[in-house]
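Peer 1: Below is a structure I'd like to ask you about.
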Amino acid sequence: MTPVGAELTDLDVSDVHAAIEWCYEQGWSDGLPVVPPETHVVERFAEAAPWAPTEILLTEPVRGIEVDGHTVVVNAVMAGCRPEYLSVIGAALRAMSHADFRLHIPASSTGGAAPVIVVNGPIRDAIGLNSGANLFGPGARANATIGRCVRLVLRNALGAIPGALDMATQGWFGKYSSCFGEREEASPWPPLHVRLGFAADESTVTVLATESAHNIHTCSGATPDMVLATAADVVRGLGSHSDGQSLVVIGPEHAGILAGAGINAEQLARFLYDSSHRTLADLRRSGRLEGPPQADDATRRRPRARVPEDFFVLVGGGDAGCSSAWFPSWSRGRGSVAITVSIDTGAVRASSPGPASAPGLGAP
Amino acid sequence: MKLRLVSPRLPLAGVMTQLAPRLTTVRGAHIGLLANSKRNGDRLLEAVGTRLTEEHGAIVHPVVTKPHASLPVHSHVLDTFQAEVAVVLTAIGD
């Protein structure tokens, strides 16, 4: 049953296309056509949902908004989801409700963050989530529509309308949809969720608000040193330097090269942390650091993180090719951190040494 | 064909959308200043506060700065504003 109080509209239209156009006119779309949320379809999804229509799935405390299960279901229908995707969507929304995610900020900041959703565990195969070739690109329904549903919830329930609440200067294409799986089967290392303390057979969702991916590309018989040197150069870039967290999605070929040299995920994170340091002179010169120059600016350094564990290393992508990717947190400080939620148990892990910015660094 | 569609939005009752009554004049009014901790926002507020005081006769209170731009305003700050001022100005200047 559609909940009492749900806003309904009776349409008499010539065809489905007219209904899609009507949805556009209501401002319900992200720019792509939506599936018209017809009552019978919504009710079918609601029956399959792992929550009650009145259950609160998303909380945004700054504006005092709570999003219920019914509203999420309607947006899932519109995004083109299948009902079996709902458990992933619910976990992602719960992660984004965590106090340390600070949802209002990535939803509204000029920095233009997208909530990037990483899925681990058996549910990837159960719903056909792509973790292989073109995992950040189009082609897999689960990837495309789970991320899209989360974005539609932000738009339609939180009011994250571009130019109104969503003040992104540029944004990025991940704001349409950003969801992929870790390719655990091609990884030489324990998967991300296991290293975060979850069981290998547990399904989890990790969400981090990030800017667009930076390419870590090195080919032509790449050696471990070549991969490391390229990655080090990417993560120390001034344009994204902060004390925030980041996702490092290593392509299977690069992962094999590194593992062949005896490098594990923790060592890679430590290497990236060490390599990401910039002098205070660099940070001040680029405006990343406030205040007048100091005598020791040329010798004092800061990392692009707070601790090595702030680099979340995982594996993803196709067998062939020499690409990896770095998704840095959008925030200049520690405005929002990664949150992991177990789909199976609801357990939450906030990977957070704390929200405060390093002294002198801009916020958020 | 007939379709019955369900809105993907929240009922308005779930969203804080009601605007406070507008002032008709700032002369003699108590004005609060809230900086969100981003750079230059406090300087902008100081400058606006000075002009409101000197040119428009407002009673401007000292700038209150949030500890972090990503954090909501502390409830005790809101309580103080509610008790002492008619308008709160905020600014970012980065």
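The values are calculated or read from the model by the stated rules, or taken from the named source; none is laboratory data. Just so it is clear, the structure is predicted and the values come from calculations on it, not from any experiment. When we count neighbours, we look across all protein chains shown, and the Cβ atoms used for this are built from the backbone with ideal geometry, even at glycine. In case anyone asks, the SASA skips ligands and DNA or RNA and just uses the protein heavy atoms, side chains included. Shrake-Rupley method; radii C 1.70, N 1.55, O 1.52, S 1.80 Å.
Peer 1: Given only helices, namely DSSP H runs of n ≥ 4 each adding -39500 (n - 2.57), what is the per-residue ellipticity at 222 nm of chain B, to the nearest 500 deg cm²/dmol?
Peer 2: -9000 deg cm²/dmol
Peer 1: Quick one: go through the stretch A:56-75 and flag any residue whose amide nitrogen is under 20 Å from the point 7 Å out along the Cα-to-Cβ line of residue A:350.
Peer 2: A:56-67
Peer 1: Which net charge results for the neighbourhood of residue A:83, defined as the other residues with beta-carbon distances under 10 angstrom from its beta-carbon, given Lys and Arg at +1 and Asp and Glu at -1?
Peer 2: Taking every other residue near residue A:83 into account, the sum is 0.
Peer 1: Could you work out the mean count of beta carbons from other protein chains within 10 Å of each residue's beta carbon in A:57-69?
Peer 2: Whole-number average of other-chain Cβ neighbours for A:57-69 is 2.
Peer 1: Solvent-accessible area of residue B:54, probe 1.4 Å, all protein chains present, reported in Å² to the nearest ten, please.
Peer 2: 140 Å²
Peer 1: Continuing with this model, one more query. May I have the convex hull volume per residue, in Å³, for the Cα set of the stretch A:230-364?
Peer 2: 120 Å³
Peer 1: Might you work out the accessible area of residue A:233 for me, using a 1.4 Å probe with all protein chains in place, and round it to the nearest 10 Å²?
Peer 2: The accessible area comes out at roughly 110 Å².
Peer 1: Hey, rough spin-label estimate for residue B:1 and residue A:267, points 7 angstrom out along Cα→Cβ, what's it come to in nanometres?
Peer 2: With each label placed 7 Å out from Cα toward Cβ, I get 6.0 nm.
Peer 1: Something else about it: Determine the shielding of peptide B:58-71 by partner chains: average, over its residues, the number of Cβ atoms on other chains within 10 angstrom of each Cβ. Let's see the in-between values first.
Peer 2: On the way: counts 0, 0, 0, 0, 0, 0, 0, 0, 1, 4, 10, 11, 18, 10.
Going residue by residue through B:58-71 and averaging, the value is 4.
Peer 1: Please provide three numbers in whole Å: the alpha-carbon extents of the stretch B:1-71 along the principal axes, with the largest listed first.
Peer 2: 66, 32, 18
Peer 1: Taking N as the number of residues in the protein assembly as shown, what is its alpha-carbon radius of gyration divided by 2.2 N^0.38 Å?
Peer 2: Numbers: Rg = 23.9 Å, N = 458, 2.2 N^0.38 = 22.6 Å.
Expressed relative to 2.2 N^0.38 Å, the Cα Rg reads 1.06.
Peer 1: Please report the relative contact order for chain B, taking Cα pairs under 8 Å with a sequence separation of at least 6, and give it as a percent rounded to a whole number.
Peer 2: Numbers: 124 pairs, mean separation 36.6, N = 94.
Relative contact order for chain B comes out at 39 percent.
Peer 1: Grab every C-alpha pair in the stretch B:30-91, bin the distances at 10 angstrom width from 0 up to the longest one, and report whole percents.
Peer 2: Going from the shortest bin to the longest, the percentages are 24, 53, 22, 1.
Peer 1: In deg cm²/dmol and to the nearest 500, what is the mean residue ellipticity at 222 nm of chain A if only DSSP H runs of at least 4 residues count, each as -39500 (n - 2.57), divided by the residue total?
Peer 2: That comes out to -8500 deg cm²/dmol.
Peer 1: Looking only at other chains, what is the average number of their beta-carbon atoms within 10 angstrom of each beta-carbon in A:138-151?
Peer 2: For this peptide, the per-residue mean of nearby foreign Cβ atoms is 0.
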